[in-house]
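The values are calculated or read from the model by the stated rules, or taken from the named source; none is laboratory data. All of these numbers come straight from a predicted model, not from anything done at the bench. Counting neighbours? That spans all protein chains shown, and the Cβs are built from the backbone with ideal geometry, glycine included. With ligands, DNA and RNA removed, areas are computed over all heavy atoms of the protein, side chains included. Shrake-Rupley method; radii C 1.70, N 1.55, O 1.52, S 1.80 Å.
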Amino acid sequence: PAAAAGSAASCRSAAADEYLAAASERGVEVVVLADHNAAAWVGPMVEAGGRHGIHVFPGVEVTTASGADGAHLIIFADQTNSEADFAAMLASVCGFNVDHPPFQPNGNPAAAPRTMPQILDDLPDEYLAIAPHAFNDNGIASEQTIEGDLRWKALHHGQLSAIDVGDASGLLSGTGFK
């Protein structure tokens, strides 16, 4: 088990270096990186960013309990937040625990047991939240996720820092917008 953990960490570190070296070669200086419901990569990515001159803001992407299919929320912080800090936030703010694990038995990310407004209500000020790909299936403006009062509360919440509209071309058919 210890050897496997060391091997996984080594693989994460090598992948982080490869990814951030490629980003640096293309002129990227700042990135926000988020994985679904996990932060095991936070240390390797922040360290690799330092080696390649890129400021890495670590984060997690959570599927909230808002709507039929769950609206996504990216929660990120500065480089001083560790994997342990994110794990504690996922438990205390998002509600993941033994009864509500962050991953399904098949390994896919599970939805948090809390709604987007509930998560935003309890999110410490050291974290920032973005509602990603707003018009896609798991976006805050999707017809398949959060609606009505919950959507209004989330969209007007002081802890929601930004909305990423993602690819809105499907909404604007015939306009030439891409």
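Rounded, prolate or oblate: which fits the chain, taking a ≥ b ≥ c as square roots of the Cα gyration tensor eigenvalues, rounded meaning a/c under 1.5, else prolate when a/b beats b/c? Oblate is the answer for the chain, as a/c is 1.5 or above yet b/c matches or exceeds a/b. Working note: Karplus 6.51/-1.76/1.60 with θ = phi - 60° gives the range 29-35 the couplings 10, 9, 9, 10, 10, 9, 10 Hz, where Gly and Pro are set to x. When DSSP beta bridges are restricted to pairs lying wholly in the chain, around 50% turn out antiparallel. 3J(HN,Hα) along the range 138-145, derived from phi through the Karplus expression 6.51 cos²θ - 1.76 cosθ + 1.60 where θ = phi - 60°, amounts to 9, x, 5, 9, 6, 6, 9, 10 Hz, with x in place of Gly and Pro. Ligands, DNA and RNA left out, the accessible area of the chain computed with a 1.4 Å probe is 55% carbon and sulfur. Once R0 is set to 25 Å, what does the formula 1/(1 + (r/R0)^6) return for the Cβ-Cβ distance between S13 and D137, expressed as a FRET efficiency to the nearest 0.05? That gives a FRET efficiency of 0.15. Potential lengthening of the chain between D99 and H55 amounts to 12.3 nm, from the contour at 0.36 nm per residue minus the alpha-carbon distance. Rounded to the nearest Hz, the phi-derived 3J(HN,Hα) couplings of the range 157-165 under the Karplus curve 6.51 cos²θ - 1.76 cosθ + 1.60 (θ = phi - 60°) are 6, x, 8, 7, 7, 6, 10, 9, 6, where x marks glycine and proline. Per residue, the accessible area of the chain comes to 53 Å², computed with a 1.4 Å probe over protein heavy atoms only.
Mind checking which of V42, V98, V28 has the largest fluctuation in a GNM of the chain, springs on alpha carbons under 10 Å? Highest fluctuation among the options: V98.
For the range 126-146 and the range 59-94, what is the separation of their C-alpha centers, rounded to whole Å? First find each Cα centre; the distance between them is then 13 Å. Over the chain, DSSP H runs of length four or greater, each weighted -39,500 (n - 2.57), average out per residue to a 222 nm ellipticity of -10500 deg cm²/dmol.
For the chain, the dipole from Cβ point charges (+1 on Lys and Arg, -1 on Asp and Glu) about the Cα centre works out to 200 debye, to the nearest 20. Can you list residues whose amide H is under 5 Å from F103's amide H, if they're 5+ apart or on another chain and H is modeled 1.01 Å from N? Amide H neighbours of F103: A110. For L33, the amide hydrogen comes within under 5 Å of the amide hydrogens of F57, G59, counting only partners 5 or more places away or on other chains and with H modelled in the peptide plane.
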